[in-house]
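Below is one structure, written out as structure tokens; comments come after it.
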Amino acid sequence: MSGRVQKVMIPPINFVFKLLQQHTPVEIWLFEQVDLRIEGQIRGFDEFMNIILDDAVQIDTKQNRREIGRILLKGDNITLIRAI
């Protein structure tokens, strides 16, 4: 028996659901807007990966922050979602 731990692939929708359940803050990268990031907490999503974020903050490359509150991001505009 080798000492390796086998990693299991999970569907993206399950990952997003886990972030929602655990109230984990997330950072979202936007498609074709490489100088902009959105941070917040996921409050809901659907099968198209449209996501509702609470307490959303827009952050640019110079670390300027702009609070934008509750927003809906269309799944087509999302490049990456990561826990922070």
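Computed from the coordinates by the stated procedures, all read-outs in this text should not be read as laboratory data. Keep in mind that this is a model prediction, so the values were computed, not measured. Neighbour counts run over all protein chains shown; Cβ positions are idealised from the backbone, glycine included.
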Handout entry: Test: residue in region 44-60 that is among the acidic types (D, E) and on the phi > 0 side of the Ramachandran plot
Key = yes
Problem - Unique match (being in contact (Cβ under 8 Å) with a residue 40 or more places away in the chain and under 20 Å from A83 (Cβ atoms)) among F45, F15 - result: F15
